[in-house]
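Working notes, structure below.
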Amino acid sequence: APTTASDPADTLGPKHVLVIGIDGCRSDALQAAAKPNLAQLIANGTVCYRAYAGGHVGQKTEQRLGSGPGWASILTGVWADKHSVVNNRFTSPNLIKIVDGKNLGYPPFFARIKEKSPNAYLASIVNWKPINAKLVFDVDLADNGSDAEVAEKCAELLLSDKNPTAIFLQFDDVDHVGGDDNGGGFDPKNPDYMEVIETTDRHIGTVLNAMRKRPNFANEDWLVLVTSDHGGLGTSHGNQTPEERTVFIVAAGGKFPKGKVIDAEWGIVALA
């Protein structure tokens, strides 16, 4: 999605996309949380509360519910049987495979945007460093920091002269709190888990406020997508239980209708 029609390398018009990932956020917990910023996105877009991670159980697409496979699927748009990220060690990822000058692997969506629009400015700002170290390439900015710093750095970028076409953000604290062996786990009854989801919503608010303050925002077509790489049960997320599989997808902007709730199962691969 390029930035301006006047750029000869841009072929898709004044479109921008912001992809936000909340690591380890269960769908039922998101629904129960106080989330004014995400609630506004949901009201002005489409939401699926029955989205799923982990591929199709019992089929070749089934994959471990870990962060490595999950973020790889979100970024590439395919399951682990194709991108080959099966754990957090990233042993032999199938992201780049050049044969006769063509990439026959499964690159992240950034690479596909660059192919279509070489002058597009792309950014990936994350808390969990392996995403940028192992999964992301063809970006103009790859940065990392705490969840608060991720939001602040994105806000600075949005209000800079870089005019980003596509931004990927990853917030990690929800997964960290859910997986705390001394805490209450990935559970909407766990007040610490719910509190960190609500804090993440405030970080998202920082980003969205900056986006709306862009000088040319009224003439821009922003698509905002929000999802998670997995849920959790107890303090883990490695199995195929509904609590670990079920996440959400929010899509606001573009051609998505406002106020629509999708009563169907969407895989997290739908984002890319």
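The values are calculated or read from the model by the stated rules, or taken from the named source; none is laboratory data. Values in this document were obtained by computation on a predicted structure and should not be read as measured data. Quick reminder, even Gly has a Cβ in these numbers, built from the backbone with ideal geometry, and neighbours come from all protein chains shown. Areas reflect the complete protein model, heavy atoms only, side chains present, ligands, DNA and RNA absent. Shrake-Rupley method; radii C 1.70, N 1.55, O 1.52, S 1.80 Å.
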Q: Quick one: count up the residues across region 194-218 that are crowded, with 16+ Cβ neighbours inside 10 Å and free of Cβ contacts under 8 Å to residues at least 12 places away in the same chain.
A: 0
Q.
Just to check your reading of the model, which residue among Thr46, Thr61, Thr76, Thr91 is buried (at least 16 other Cβ atoms within 10 Å of the Cβ) and more than 25 Å from Val224 (Cβ to Cβ)?
A. Thr61
Q: Determine if region 219-238 includes at least one residue that is farther than 30 Å from His56 by Cβ, surrounded by fewer than 20 Cβ atoms within 10 Å (Cβ to Cβ), without any contact (Cβ under 8 Å) to a residue 24 or more places away in the chain and more than 19 Å from the chain's Cα centre (by Cα).
A: no
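For residues in region 159-193 being within 30 Å of Asn216 (Cβ to Cβ) and more than 17 Å from the chain's Cα centre (by Cα), which is surrounded by the fewest Cβ atoms within 10 Å (Cβ to Cβ)? I'd like the intermediate steps shown before the answer.
Of the residues in region 159-193, the ones within 30 Å of Asn216 (Cβ to Cβ) are 159-171.
Narrowing further to those that are more than 17 Å from the chain's Cα centre (by Cα): 159-163.
Working: Leu159: 13, Ser160: 12, Asp161: 4, Lys162: 14, Asn163: 17.
By that ranking, first place goes to Asp161.
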Q. Among the numbered criteria (1) over 17 Å from the mean Cα position of the chain (by Cα); (2) in contact (Cβ under 8 Å) with a residue 24 or more places away in the chain, which single criterion is violated by Arg245?
A. (1)
Q.
Within region 79-88, take every residue that is open to solvent by 60 Å² or more (accessible area, probe 1.4 Å) and assigned to a loop (DSSP other than H, G, I, E, B) and give me the one that is farthest from Asn132 (Cα to Cα).
A. Val86
**Q.** Subset tally (residues that are modelled with pLDDT of 95 or more, crowded, with 19+ Cβ neighbours inside 10 Å and assigned to a helix (DSSP H, G or I)) for region 114-152
**A.** 6
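So which residues in region 88-126 are within 18 Å of the chain's Cα centre (by Cα) and of a type in the set (Val, Ile, Thr)?
Looking only at region 88-126, we keep the residues that are within 18 Å of the chain's Cα centre (by Cα), and these are 88, 95, 106-113, 121-126.
Ile113, Ile125, Val126 - these are the residues of region 88-126 that are within 18 Å of the chain's Cα centre (by Cα) and of a type in the set (Val, Ile, Thr).
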